[in-house]
Every structure is written in C-alpha cells, then in structure tokens.
Amino acid sequence: MTCFSCLFGRNLDSATQRTAELDDELSGILNITLYTHRELRIATKDFSPTNKIGEGGFGSVYKGKLKNGHMAAIKVLSTESRQGVREFLTEIQVISEIEHENLVKLYGCCVEGNHRILVYNYLENNSLAKTLLGGGHCNIHFSWRTRTKICIGVARGLAYLHEEVRPHIIHRDIKASNILLDKDLTPKISDFGLAKLIPPNMTQVSTRVAGTIGYLAPEYAVRGQVTRRADIYSFGVLLIEIVSGRCNTNSRLPVEEQYLLERTWQLYERRELLGLVDTALNGNFDAQQACRFFKIGLLCTQEDQKLRPSMSTVVKMLTGEIDIDDKIITKPGLISDFLDLKVRSTAPKAKAESISTSYNSGSDNLDNTSLTSAGSSQATMTFTSPFTRSM
C-alpha cells in the first residue's frame with residue numbers, strides 16, 4: 001500500500017500543487033478505478049437530492065448507477081472540510097488492496113480539480129444505526145438468527161483487519177452507523193477514514209484521539225495510544241447493542257439505565273442478563289446463546305485492555321468453538337466513569353448529528369477531537385485529553 005505521510009506534513013502553496021501531489025500519490029495504487037466527475041454526475045443524475053442517501057461531517061452520499069450497470073454509493077467529500085483530503089487518502093490507502101465478505105468494497109474514486117469522491121458498492125439495507133437502532137419505521141425483521149449472523153460477520157471482518165491483513169489495520173470507529181447491510185443482511189464494515197496501519201514491529205500507534213463516545217475505549221482516550229484492543233472494546237459495545245436492540249447511551253431512560261454497558265454489568269452481577277434482550281424478539285431467541293453474547297461483550301470491554309480477547313478468539317467464542325463458562329469477567333471500562341471524569345459536555349452549543357446517514361464519519365474534526373454520542377440525546381462531547389501529540 002502507498003504511504004501518504006509525506007503529503008500530510010506539507011504546507012502546499014496552491015490548489016494546483018495539492019492536486020498534483022494527490023495525483024502522484026494515487027498513481028501508486030493499482031487496484032482502483034479513477035472515475036471522471038462527468039461519469040459520476042450522470043450516475044447520480046447530477047447529484048439529485050432524490051438520490052441522496054446520507055450526509056455526514058465530510059460530505060454527502062448519493063446512490064448512483066455506473067455505466068457498467070452496477071449500483072454504487074458515491075461519497076462526495078465537502079470542499080469545506082479541513083480534514084477531507086486526509087480522510088480521503090486514508091480510506092483509499094486502507095481498503096484499496098483488501099477484500100473480505102464483511103468489508104465494504106471500494107470501486108474507485110474521482111480526483112478531478114477540487115472534487116474528492118469515493119465510489120463504493122451500494123448496500124440496500126442501510127446501517128444498523130438506521131435500521132435496528134434507529135427507532136423509526138423499518139420493515140426489516142431482525143430475528144435472532146439474523147442478529148447472530150451480523151455479530152459473527154462483523155467479528156470476522158474485524159479479525160481479518162487485525163490479524164490477516166499486512167500491515168494490520170485498526171479501524172478506530174467501529175459503531176452501528178458504520179456497519180452496513182446488503183440485500184441478504186450480510187454486515188459490511190465501512191468508513192475507514194480514521195483507520196491506522198500497524199507496522200510489523202509495533203503493537204500500538206500514538207495519535208490524536210478520535211472516535212465516538214460510547215464506543216471509545218477509555219484507555220485510548222486518556223493516553224492517545226491506540227491498539228487493536230480499542231477496536232475490540234468498540235465491538236463489545238456494538239455486540240451488546242445488537243442483542244439488546246438499543247443504543248449504548250440514551251438520556252431518555254431512567255438514570256440507572258442510561259448507559260448500556262453499565263446496565264449490562266449490573267444485570268450480569270445479578271445474573272439477570274436475559275432481561276436485557278430486545279423485547280422486539282418476543283421471546284423468540286436462544287437464551288443460552290444470548291447470555292453468551294452478552295458475556296462476550298463484557299469480556300471485550302473489560303477495563304484492563306490486556307484481558308480483552310483477540311478478535312479471532314471472539315469469533316470462536318461467538319460460534320461456540322471456545323467455551324466461556326470458565327472465563328473470569330472483570331468490570332468494564334464504564335462510559336459513565338468516562339463521562340464523569342474525562343469529558344466536558346458542550347451540548348448547548350452543539351449541532352446534533354443524525355445517525356441516519358449510512359456512510360458518515362465518526363469524527364468531524366481530528367484536531368478538535370469532536371466526539372459524537374450515539375444515543376438519543378445526540379450531544380457532541382469535547383474530550384480534554386492530556387495527550388495532545390500528533391503522529
């Protein structure tokens with residue numbers, strides 16, 4: 001894969017120079033199609049509002065039909081976004097040479113003039129945030145069998161990134177809005193704009209903190225040192241969300257129930273985990289398997305990151321290849337502790353970010369470290385970290 005670090009550190013004089021540098025970087029990537037802006041205008045019917053399927057901090061996403069007949073999700077980066085080029089290059093760098101059943105497929109990109117556009121395969125059933133957790137009208141029935149398929153699929157995709165790809169990849173933004181569903185409800189991990197590559201001789205990377213409150217591993221937020229264990233924490237939260245059918249944070253609930261991970265730990269200690277299973281299932285689920293999934297979620301979110309299992313181990317736990325009954329589960333890194341001690345809310349000033357978009361990024365500004373709550377309150381939190389050094 002091409003390294004873009006040299007581009008990020010330069011202070012270029014003009015748009016022409018920036019375009020030339022970008023073209024040079026992209027020329028080293030062999031497995032990607034370069035589209036013209038005209039092609040994508042035709043595909044989206046001139047970026048018609050009727051074809052708009054999502055909007056996030058880095059721009060808008062449109063559904064379009066390419067000239068080869070394939071439907072595509074066309075992600076147009078906003079020209080106002082200061083982080084747009086960084087995000088654009090990172091996504092291309094990370095996923096141009098990898099392919100897996102549970103990862104989105106990048107078809108290509110457009111780099112004409114000031115245009116920065118990514119072209120992905122189109123996924124018919126949007127994201128988990130929009131469908132399962134969105135709280136709106138959704139005609140998809142998430143049966144227990146479907147939920148287990150989604151949990152295991154996401155785990156396999158993440159295990160592939162962590163352990164099979166060279167160099168290894170840390171996603172850094174595993175959350176419900178970044179899990180997309182195809183026509184068969186097969187999950188696909190999307191949005192690699194915050195991803196980091198792990199060189200062979202390293203286990204962690206130091207970086208500015210970025211991600212989404214509720215999924216963010218506390219140790220990463222405090223020290224700015226991201227490891228694969230941070231992704232595993234995020235997956236643990238997501239796993240519990242899928243089984244319970246609710247967002248990780250919801251300020252509309254009674255105080256003792258607002259933070260899903262804290263609630264899960266309380267019910268685990270009282271041996272009442274089944275009370276957390278989504279009532280939309282109407283009791284049609286495997287009780288033993290549901291309890292196992294909750295426990296796996298707790299194992300993944302343990303406060304001591306060294307105790308969290310690897311993703312390949314998580315896959316085996318989910319499929320029943322590894323018994324977890326003999327596993328000791330320690331207290332998770334709780335979101336309530338994280339918010340009380342380390343986060344200053346700026347909700348009165350914040351503009352709510354919709355979770356309805358299926359191709360949005362989890363952080364609008366890496367420098368300001370703006371973190372977004374996935375709960376119903378949709379408040380933006382500003383994290384004050386003692387770690388401020390960039391890579």
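The values are calculated or read from the model by the stated rules, or taken from the named source; none is laboratory data. Keep in mind it's a predicted model, so treat the numbers as computed, not measured. All Cβ positions, glycine included, derive from the backbone under ideal geometry; neighbour counts span all protein chains shown.
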(message) Given the criterion in a loop (DSSP other than H, G, I, E, B) and either assigned by TED's automatic domain parsing to the domain that holds Lys149 or touching a Leu at 6+ places or on another chain (Cβ under 7 Å) (or both), identify the matching residue among Ile328, Ile296.
(response) Ile328
(request) Mind listing just one residue for me: the one in the stretch 299-310 that is in a helix (DSSP H, G or I) and surrounded by fewer than 18 Cβ atoms within 10 Å (Cβ to Cβ) and, of those, modelled with the highest pLDDT? (result) Leu307
(request) Determine, yes or no, whether Tyr215 is out of contact with any Ser or Thr (no Cβ under 9 Å at 6 or more places or on another chain), assigned by TED's automatic domain parsing to the domain that holds Leu307 and aromatic (Phe, Trp, Tyr). (result) no
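Conditions tested, residue by residue: (1) surrounded by fewer than 24 Cβ atoms within 10 Å (Cβ to Cβ); (2) out of contact with any His (no Cβ under 6 Å at 6 or more places or on another chain); (3) at pLDDT 95 or above.
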site	(1), (2), (3)
Ser190	no, yes, no
Ile198	yes, no, no
Thr212	no, yes, no
Val222	yes, yes, no
Tyr233	no, yes, yes
Glu241	no, yes, yes
Thr249	no, yes, no
Glu256	yes, yes, no
(request) Keeping to the stretch 28-83, report how many residues are more than 23 Å from Asn126 (Cβ to Cβ), aliphatic (A, V, I, L, M), in contact with a Gly (Cβ under 6 Å, 6 or more places away or on another chain) and modelled with pLDDT of 90 or more. (result) 0
(request) Scan the stretch 228-249 and report the pairs whose first residue is not assigned by TED's automatic domain parsing to the domain that holds Ala155 and whose second residue is surrounded by fewer than 24 Cβ atoms within 10 Å (Cβ to Cβ) and modelled with pLDDT of 95 or more, with Cβ atoms within less than 9 Å and a gap of 6+ or a chain change. (result) none
